[in-house]
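Q: Take a look at the following structure, please.
The values are calculated or read from the model by the stated rules, or taken from the named source; none is laboratory data. Small disclaimer: the values here were computed from a predicted structure and weren't measured. Cβ atoms come from the backbone with ideal geometry, glycine included; neighbour counts cover every protein chain shown.
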Amino acid sequence: MSFAMSFKDALFAAQNGRKVERVETLHGPVWVRAMTVAEKDVFDMSLVADKAGKPRNFRTQLLIAACCDESGEAVFDEFDVGRLEATLWYELEPAFEAAMELNKIGAKDAEAIRKNSDRADDAGSS
């Protein structure tokens, strides 16, 4: 009788480390990581409008979730939101694009997030 590895066994056996890519920016290298299921949930929830009905910044939240050091540890956190939002967009564009690609977030996903943000704007202004 041959042993066939189950989906679950194969999935967990493959988790020997997540993908981390080095990305060059205007200020030097940063690493970008693929999010785990838990991190993706936190990222998705971070995009929900705040208590005042103000939608969160997609680009900023993705950079917080995906930018890391060489060992995969997060570089940014929620305390960096204001400073990231004030950064010129093109300074971090290579990291943002790598995060989109590595986490398989496409134009369709970004559009859905934008629509959800618009709905939050409408709900917050009523």
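Q: Could you tell me which residue of segment 72-94 is farthest from PHE43 (Cα to Cα), considering only residues that are in contact with a strand residue (DSSP E or B) (Cβ under 7 Å, 6 or more places away or on another chain) and part of a helix (DSSP H, G or I)? Can you show your working first?
A: The initial filter retains those residues of segment 72-94 that are in contact with a strand residue (DSSP E or B) (Cβ under 7 Å, 6 or more places away or on another chain), namely 72, 74-76, 91-92, 94.
Next, only the ones that are part of a helix (DSSP H, G or I) stay: 91-92, 94.
Values: GLU91: 22, LEU92: 18, PRO94: 19 Å.
The selected residue is GLU91.
Quick grid of which residues meet (1) under 14 Å from VAL32 (Cβ atoms); (2) modelled with pLDDT of 95 or more; (3) outside any loop (DSSP other than H, G, I, E, B):
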| residue | (1), (2), (3) |
| --- | --- |
| THR60 | no, no, yes |
| GLU70 | yes, no, no |
| PHE96 | yes, yes, yes |
| LYS115 | no, no, yes |
| ARG119 | no, no, yes |
| ALA123 | no, no, yes |
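Q: Sticking with this structure for a sec: Of a type in the set (S, T, N, Q) and at pLDDT 90 or above - does that describe any residue in segment 5-19?
A: At the first step, the residues of segment 5-19 found to be of a type in the set (S, T, N, Q) are 6, 15-16.
From the residues that got through so far, the ones that are at pLDDT 90 or above too are none.
No.
Q: Do you know which of the residues in segment 102-113 that are surrounded by 13 or more Cβ atoms within 10 Å (Cβ to Cβ) and at pLDDT 75 or above is farthest from PHE43 (Cα to Cα)?
A: Once the filter is applied, the top-ranked residue is LEU102.
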